[in-house]
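Note sheet for the following structure.
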Amino acid sequence: MAGMMTTRRLLGLAMAAAGVALLIAGTLRGSTPVMLIGMVVLGMLVGGLVVAVLQRAIVVMNLAAATRADVDRALMLIEAHPAQLKRAMAEAEATDRGERQKLRVAVETSISGVQNALGEKLTRMGEAQALQSSIMTVALGQALETLAGRLQALEAGLAGLEAHLAGLDARVEQASDSLREAGSVQDQLRRLMLEGNSLAVRAYRDIHAALDAHAETLGTATTGIDAHFVGQRAGQEALAERFDVQAEAAEQVLRRLGDDLRDGLARQAAADVASRNRATEGVERVVALIESLRKGYEADKQALKAFTHNEKKLRSLSRVPLQWLKTETVREVEALMQLRELLGTEGPTPLLGGWAMDPEAMLSLVELVLERKPRCIVELGSGTSSLWLAMALKKNGTGRLVSYDHLGEYAESTRKALEAHGVGAFAQVRAAPLVDVAIGEETYAWYSLPDAPGEGEIDLLIVDGPPGGTGPMARFPAIPRLFDQLREDAIVVVDDASRPDEKTMLDRWEAAFPALRRGHALGTRTATLSVSRSVRTDGAGERPAPEGASVDSQRSKAPVHRAK
Ligand SMILES: C[S@@+](CC[C@H](N)C(=O)[O-])C[C@H]1O[C@@H](n2cnc3c(N)ncnc32)[C@H](O)[C@@H]1O
């Protein structure tokens, strides 16, 4: 209830404030509709108040009526109780009469008995009277209390109403004051606007006059500038004419100079190419010599046997007639030139010869690859040959090379060379540390061969590793280990075939594997073998490998690093 009262008051206040605000705004703007809306809002507020007063009056009247009904009910109650009283008294009298009858029957029984009966009668009469008076008192008290409460509430309501009306009067007064103030502010504003208007008109006239004066000055200045521009344009045209003449002369001089320069450069370039080719050849051979000496020195330090072997080789070389050496050199140069032309090679390539296959053998090998178009080449001992083989496969547009190397650093440098020449997709260089490989009763330090190709997959096997310095008959396990992986028409190429170990190795292979047949040599130190599985010596197929040629076991041990 209290909450509703507060809401009503707030609503009334809001309406009063809105009405007053609208009146002020309407007056300030001179808007009759806004003022009318304000007045309507205030009128609605006053109407609301009147309705509220009327509601309160109705409530008071209802309360009075209810009070009157309560009083009537109390009087009826009082009238009803005397009847009960009369009945009680009648009953008492009847009882009394009975008692008297009994008393009369027993006249002489006892005076005290009569007295007690009389006392009882008196007590009952007293109780009946007390009941009557208490009922009346309670009913009347309740009715009076209710009446007093309702009168109090009525008075409080009336007091609140008066206070509201007083507040409303005060606010109406305030609103009238505000309206009066708003009117005076509006008057002041109107005056100020009028003054501002006349000031603006005066300023506009002044600016206009100033602009006219400025335009006149500008006109005079523009005429001067135009004249200046005419003079400048004439000067520029004269300058442009002079520039054209000079530019033409300069162009002729430059053209002559360019022709002279081009002729000079062409002559110089021809001379440069010839001398660069000579120099490159010389440098290549010197670098090859230095490289092989350095590697030979390192290898010699690690393996005395290899050192002795190289020494013998050098001695035998020194006995070769000079004329033969000259012929050999010319052949190698020619082979290298043909190799480059055949594969359309551009840019420098790693050196051939020395530790790598010689150019003549390389040329023959590349020709073999171009002719037979092998799908799978396996190379034991990677290096420059891997690059030329991959270039040949690229030219074929098919086939892949898997090259194994026991030294990670050389495997890596070969990989880089392949990538640098854009043939990495045709060749894979795998690091294959040397492990103990038992063939018959002998053990060799030979490749671990990770992921070797499957049976009958190899079309071309190139045996150019491990280097001789890694142990006697270092390359012997190649065929015993990989014979089954060779295709039935595969080719096996063996480099360094003129060395004593390799000669023995080839003899032993041929003896153990009759399907292998010696083919044409590629150059002076490279042998070939071809596989022909149709060869049958026992009428049932290939002759079983003799003792010492079968792979018994392959035991891993720490990688062996020994030079060629
Ligand atoms: C006879 S070479 C093999 C070379 C390769 N088949 C070729 O003809 O270019 C044997 C070993 O020499 C090592 N080697 C590779 N590149 C080398 C280089 N630039 N200098 C010295 N040794 C190298 C490798 O460890 C390789 O297994």
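The values are calculated or read from the model by the stated rules, or taken from the named source; none is laboratory data. Remember, it's a predicted structure, so these values are computed and weren't measured experimentally. Neighbour counts run over all protein chains shown; Cβ positions are idealised from the backbone, glycine included. Accessible surface areas use protein heavy atoms only, side chains included; no ligands, DNA or RNA. Shrake-Rupley method; radii C 1.70, N 1.55, O 1.52, S 1.80 Å.
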**OP:** Let me know the Rg and Dmax you get for segment 391-532 when you use only its Cα atoms, in Å.
**Re:** 15.2, 45
**OP:** Rank these by accessible area, largest first, 1.4 Å probe: Ile377, Ile24.
**Re:** Ile24, Ile377
Subject >> Distance histogram in 10 Å bins (all Cα pairs of segment 316-450, percent per bin) >> reply: 12, 37, 29, 18, 3
Subject >> Per-residue HN-Hα couplings for segment 477-489 [Karplus 6.51, -1.76, 1.60; θ = phi - 60°; Hz; x = Gly/Pro] >> reply: x, 3, 6, x, 7, 10, 4, 5, 7, 7, 5, 5, 10
**OP:** Starting at the first residue of segment 14-25, write each ³J(HN,Hα) from the Karplus equation 6.51 cos²θ - 1.76 cosθ + 1.60 with θ = phi - 60°, in whole Hz, x for Gly and Pro.
**Re:** 4, 5, 4, 5, 4, x, 5, 4, 4, 4, 5, 4
Subject >> Under 5 Å, built H, 5+ apart or other chain: amide partners of Val492 >> reply: Leu461, Leu529, Ser530, Val531
Subject >> Additional length obtainable on full extension of the chain from Arg517 to Thr327, 0.36 nm per residue less Cα span >> reply: 65.4 nm
Subject >> FRET efficiency, Asp507 to Lys295 (Cβ-Cβ, R0 41 Å, nearest 0.05) >> reply: 0.90
**OP:** Return the long-range amide H neighbours of Ile458 (sequence gap of 5 or more, or a different chain), with a cut-off of under 5 Å between placed amide H atoms.
**Re:** Leu486, Arg487
Subject >> Long-range amide H partners of Arg430 with built H, under 5 Å >> reply: Ser403, Tyr404, Asp405
**OP:** Provide the per-residue ³J(HN,Hα) series for segment 287-295, in order, calculated from phi with Karplus coefficients 6.51, -1.76, 1.60 and θ = phi - 60°, each as a whole number of Hz, with x at glycine and proline positions.
**Re:** 4, 4, 4, 4, 4, 5, 5, 5, 5
Original post:
His309 accessible area, nearest 10 Å², 1.4 Å probe?
Top reply: 70
